[in-house]
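Enquirer: Sending over a structure as structure tokens; questions will come in a sec.
The values are calculated or read from the model by the stated rules, or taken from the named source; none is laboratory data. For clarity, every value in this text was computed on a predicted model and none was experimentally measured. Note: ideal-geometry Cβ built from the backbone for every residue, glycine included; neighbour counts use all protein chains shown. To get the accessible areas, we keep the full protein, side chains included, count just its heavy atoms, and leave off ligands, DNA and RNA. Shrake-Rupley method; radii C 1.70, N 1.55, O 1.52, S 1.80 Å.
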Amino acid sequence: MYRQPSNHHDKNPYRVFVILCFGLILFLASGQLFGQPDYGETFYVKENTRTRKPIKYVHEREADIMWSKRVWRTIDLREKFNHPLYFPETPTNARLSLFDVIKKGLIEGSIYAYDNPVFDDEFKVRMTAAQVAQLFTWYDSTNMVADPYNPDNMILAPIQYNLTANMIKQYWVKEDWFWDRQRSVMDVRIIGICPLQEKTDAAGEVIGYKPLFWLYFPACRDLFARHEVFNTKNDAQRLSFDDVFHKRMFGSYVRKESNVYDRTIESYAPGLDALLEADRVKEDIFKTEHDMWHF
């Protein structure tokens, strides 16, 4: 009796399953490659900033520090020279503002914030993730609106507010100026940085600034070095935030110097006198450096 040969390949379920999976992978790959291409920001891949490391500080010994002065400064982002630290107000794929970089680092956990920014800038009390989240998002539980089912009644409708970069208009910077006799130079080290939120009244008028938290600056340098700052001269040679602070490419004025009363300049020299006193502090540092040299 004649028996028709059977095709064992067609009846193998494992082989059929492998062929179907391979076809599905090709289909998804073709859709990923040809259907939705991933365009880059420029015609080349930017790898320099993403892998950049902060400039290492020179190791200092206590025996080499002949003189030092602690100074607190205010960086006002409304000044044109400081606009690269403020813009863009809305994050883009290419750039972030300084506060958006700080916010990103706090959410990721790569940097930490320290509480009680008004009275304590010694980085003693670390804020928890929940405390940081409450700073970035808060609710107004007193907002009342009409009940959609009964217009005669009023109901609570909390409003959510988010802390954005355009609300941060100033920064406090804590730094140490010192004379290194080993290298015979006047040098400076930034110790901490504190963002200040702009406070407004019901009419929208600015009534002051609220310090949010302190950041230990040396711990933030790795994060700052990986994010670039806009360069008005050359888009291909942009600096990082760490470069801006390391090279002193920002405008500021002195709000406090180390003193026996631990008071700010504004507490004893208001108005125009505060600016003159701030210039006096900078002049004293310059004269100290000049006096260290003997001609």
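Enquirer: For the range 251-292: of the residues being in contact (Cβ under 8 Å) with a residue 40 or more places away in the chain and hydrophobic (A, V, I, L, M, F, W, C), which is farthest from GLN170 (Cα to Cα)?
Expert: Across the range 251-292, the extreme among qualifying residues is MET292.
Enquirer: Another question, if that's okay. Restricting the search to the range 197-217, which residues are in contact (Cβ under 8 Å) with a residue 60 or more places away in the chain and open to solvent by less than 50 Å² (accessible area, probe 1.4 Å)?
Expert: PRO211, LEU212, PHE213, TRP214, LEU215
Enquirer: Continuing with this model, one more query. Among TYR44, TYR39, TYR114, which is modelled with pLDDT of 70 or more, farther than 30 Å from ALA133 by Cα and not charged (D, E, K, R)?
Expert: Of TYR44, TYR39, TYR114, the one residue that is modelled with pLDDT of 70 or more, farther than 30 Å from ALA133 by Cα and not charged (D, E, K, R) is TYR44.
Enquirer: Let me ask another. Looking at PHE241, PHE250, PHE178, can you tell me which residue is among the hydrophobic types (A, V, I, L, M, F, W, C), at pLDDT 95 or above, touching a His at 6+ places or on another chain (Cβ under 6 Å) and farther than 18 Å from ILE107 by Cα?
Expert: Matching residue, one of PHE241, PHE250, PHE178: PHE241.
Enquirer: Further question: Which condition does VAL229 not pass, out of (1) open to solvent by 20 Å² or more (accessible area, probe 1.4 Å); (2) among the β-branched types (Val, Ile, Thr); (3) under 20 Å from the mean Cα position of the chain (by Cα), if it passes all the others?
Expert: The one condition VAL229 does not meet is (1).
Enquirer: With the requirement that a residue be over 30 Å from THR264 (Cα atoms), outside any helix (DSSP H, G or I) and touching a Leu at 6+ places or on another chain (Cβ under 9 Å), what does the range 104-142 give you?
Expert: SER110, THR137, TRP138, SER141, THR142
Enquirer: Restricting to the range 252-287, give me the number of residues that are assigned to a loop (DSSP other than H, G, I, E, B) and surrounded by fewer than 15 Cβ atoms within 10 Å (Cβ to Cβ).
Expert: 9
Enquirer: To continue, here is another question. Can you confirm whether the range 151-166 contains a residue that is closer than 30 Å to HIS59 by Cα and either in a strand (DSSP E or B) or open to solvent by 40 Å² or more (accessible area, probe 1.4 Å) (or both)?
Expert: No: the range 151-166 contains no residue that is closer than 30 Å to HIS59 by Cα and either in a strand (DSSP E or B) or open to solvent by 40 Å² or more (accessible area, probe 1.4 Å) (or both).
Enquirer: Can you name the residue in the range 43-85 that is more than 19 Å from the chain's Cα centre (by Cα), surrounded by 15 or more Cβ atoms within 10 Å (Cβ to Cβ) and aliphatic (A, V, I, L, M) and, of all such residues, is farthest from HIS290 (Cα to Cα)?
Expert: Among those that are more than 19 Å from the chain's Cα centre (by Cα), surrounded by 15 or more Cβ atoms within 10 Å (Cβ to Cβ) and aliphatic (A, V, I, L, M), it is VAL71.
Enquirer: For the range 132-178, name all the residues that are out of contact with any Ser or Thr (no Cβ under 7 Å at 6 or more places or on another chain) and under 30 Å from TRP67 (Cβ atoms).
Expert: Listed by number, the residues that qualify are TYR171, LYS174, GLU175.
Enquirer: Can you tell me which residues in the range 86-127 are more than 23 Å from PHE230 (Cβ to Cβ), of a type in the set (Phe, Trp, Tyr) and open to solvent by 70 Å² or more (accessible area, probe 1.4 Å)?
Expert: TYR112, PHE119
Enquirer: Six or more apart or on different chains, Cβ under 7 Å: which pairs go from a residue in the range 232-247 that's closer than 17 Å to LYS46 by Cα to one that's part of a helix (DSSP H, G or I) and among the small types (Gly, Ala, Ser)? Could you list them?
Expert: Listed pairs, sorted by first residue: SER240/ALA225.
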